[in-house]
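The values are calculated or read from the model by the stated rules, or taken from the named source; none is laboratory data. Predicted model, so just to flag it, every value in this text is computed and none were measured. Here Cβ is always computed from backbone atoms with ideal geometry, including for glycine, and neighbour counts include all displayed protein chains. Side chains are part of the model used for accessible areas, which takes the heavy atoms of the whole protein and leaves out ligands, DNA and RNA. Shrake-Rupley method; radii C 1.70, N 1.55, O 1.52, S 1.80 Å.
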Amino acid sequence: MALIKSIAAYEIIDSRGLPTVEAQLVLDSGVSVVTSVPGAQAHYPNEPADIRDEDGNRFFGKGVLHSVSYINDLIAPKLKGVNPAKLKEIDDWLVKADGTKNKSRLGTNTLLTISQLIAKAGAADVQMPLFKYLNGLYKSIYKSEIPIDKVPTPIFNMINGGKHANTPMDFQEFQIIPSSSFTFGTAYQKAIELYVELKKVLEYRNATTAVGEEGGFSPNLTTNVDALEILNEAISQVKMKAGLDMFLGIDFASSFFSKKGLYTIKDKPHPLKSDEYINFVKFLLDNYSILYIEDPFDAEDWPSWKKLSTSLSSTIYIVGDELIRMNKDRLTYAIREGTCTSFLLKPNQIGTISEVFDIVNLARTNSISYVVAGRSSETNDDFVSDLSVAIQAEFVKFGAPVRGERVAKYNRLWRIERDELKIQ
Ligand code: PGA
Ligand code: ZN
């Protein structure tokens, strides 16, 4: 059993051009691991988020030297000589040291960097793949086994709108979801073929083929329905069947276009009241092969969430991202009210891996499914891929099937399926 010899953190730049934290941990056996974390901005009061330097002379105030210094000067000396197998104890200590509800003292960037490093070091020390190690840790904490039999089904972001792209479309992500009957490798291949075809369809229609924050196209289409139509066209061009081989998904991220109970979208000439807007969402579900809808309603519009989920068939995933935002109280309420079928797991929206496990345990004991998601500000780290397999997430959502920070995560899943699970 090796012990921690040193931890060193430093700034790197993420996929959006913002500084973030990377760190290296060295064990006294000589083994070393590196990890980095995506960016987390708070959109709501008391939402856990990164700490930023707020020094206007560097990176418009977005530097993370405070986080780096907390790791190098405060945390690293305390962890010297500690056994990396003690992830839960270390995470509990970090959360206590922060002492705030929203992690505003140390920041989720500081906490998650350490938590991921410790987990990676623990796995490396016993020469175990990270996903198996995390799965074993979960079992030892909750005395409950999660049998690993697959890699989660991927959701690929093909067209970006909303606040992730400079396009007229209000919805943030138009996604494709290959049938779960495909292996991950086949699903990935089909997604890439579709992505290439989609570019041709956009070019043919004289639409722009620039890309948005998560690598999906951000064409100059007019309405949200246009984006679904274009996706359907590309699906039929590659001889796939929508609703059979390939499904559609939407992350509405509706807080972007909802205000005071009204929903303003390009598809309609006037702002829609909740009931009119629910009918529009139902129209989309009736007319397109949609399997997955994320944040169709504003995060505080609980009645609309409930109205839709009680009126839909159980085959549609109604997913809370901003609705839940990794908050246990909000998840508990959503479970009690039957508001959504699933929610997004974003580790840097909470802080430590042990807290992620805690949310996973709450979800599993209440039979609500979860989707492991990347962020729009990403790094090339693939920790979340192993995490998603360890906790057998229903889906993963890491962005488009292109761009380094996106494919780093999908490629890791492909390798786990092929080399570790031996599924071809
Ligand atoms: P974010 O978005 O990383 O910008 O919060 C991702 C999502 O909405 O799923
Ligand atoms: Zn979302």
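A full extension of the chain between Tyr44 and Ile141 corresponds to an added length of 31.8 nm, given 0.36 nm per residue minus the alpha carbon distance. For segment 4-127, the solvent-accessible area of protein heavy atoms averages 45 Å² per residue (probe radius 1.4 Å; ligands and nucleic acids excluded). Each label was represented as a point 7 Å from its Cα along the Cα-to-Cβ direction; for Asp358 and Asn380 these points are 3.4 nm apart. FRET efficiency for the Glu233 to Met128 pair, using the beta carbon distance and R₀ = 45 Å, is estimated at 0.50. Per-atom-type breakdown for segment 76-180 gives carbon and sulfur 52% of the accessible area (1.4 Å probe, protein chains only). Scattering from the chain was approximated by placing one identical point on each alpha carbon and applying the Debye formula without solvent; log10 I(q)/I(0) at 0.06 1/Å stands at -0.24. Neighbours of Ala97, meaning other residues whose beta-carbon lies under 12 angstrom from its beta-carbon, give a summed charge of +1 when Lys and Arg score +1 and Asp and Glu score -1. Pairs of alpha carbons in segment 365-424 separated by more than 17 Å make up 38% of all such pairs. Helical runs assigned H by DSSP (4 residues or longer) give the chain a calculated mean residue ellipticity at 222 nm of -11500 deg cm²/dmol, each run adding -39500 (n - 2.57) before division by the residue total.
Simple spin-label estimate for Leu3 and Asp419 gives 3.2 nm between the two label positions (7 Å along the Cα-to-Cβ direction from each Cα). Distance between the pseudo-spin-label points of Lys80 and Ile192 (7 Å out from Cα toward the beta carbon): 4.6 nm. With the convex hull drawn over the C-alpha atoms of segment 25-119, the volume per residue is 105 Å³. R0 = 30 Å: FRET efficiency of Leu262 with Leu312, Cβ-based, nearest 0.05? Given R0 = 30 Å and the Cβ-Cβ separation, E is 0.85. For the chain, DSSP calls about 55 percent of its internal beta bridges antiparallel. For the chain, the dipole from Cβ point charges (+1 on Lys and Arg, -1 on Asp and Glu) about the Cα centre works out to 460 debye, to the nearest 20. Normalised by the number of residues in segment 4-127, what is the relative contact order in percent for Cα pairs under 8 Å and 6+ residues apart? In percent, rounded to a whole number, it is 31. Summed over the residues of segment 296-379 and divided among them, the accessible surface reaches 32 Å² per residue at a probe radius of 1.4 Å.
Bridging of Lys199 to lysines at a Cα separation below 17 Å is possible for Lys190, Lys239, once same-chain residues fewer than 8 apart are set aside. Membrane-span-like helices in the chain, defined here as complete DSSP H runs extending at least 15 Å along the helix axis by their C-alpha atoms with mean Kyte-Doolittle hydropathy no lower than -1.0, are 87-98, 107-125, 130-142, 184-204, 224-237, 274-287, 353-365; this is a sequence and geometry rule, not a statement about a membrane. Net length available on complete extension from Lys199 to Ser369 is 57.9 nm, with 0.36 nm assigned per residue and the Cα-Cα distance removed. Extension gain, Val34 to Asp55: 0.36 nm times the residue separation minus the Cα-Cα distance gives 4.9 nm. Report the FRET efficiency, 1/(1 + (r/R0)^6), for Val26 and Asp286, where r is their Cβ-Cβ distance and R0 is 41 Å, rounded to 0.05. Efficiency computed from Cβ-Cβ geometry: 0.10.
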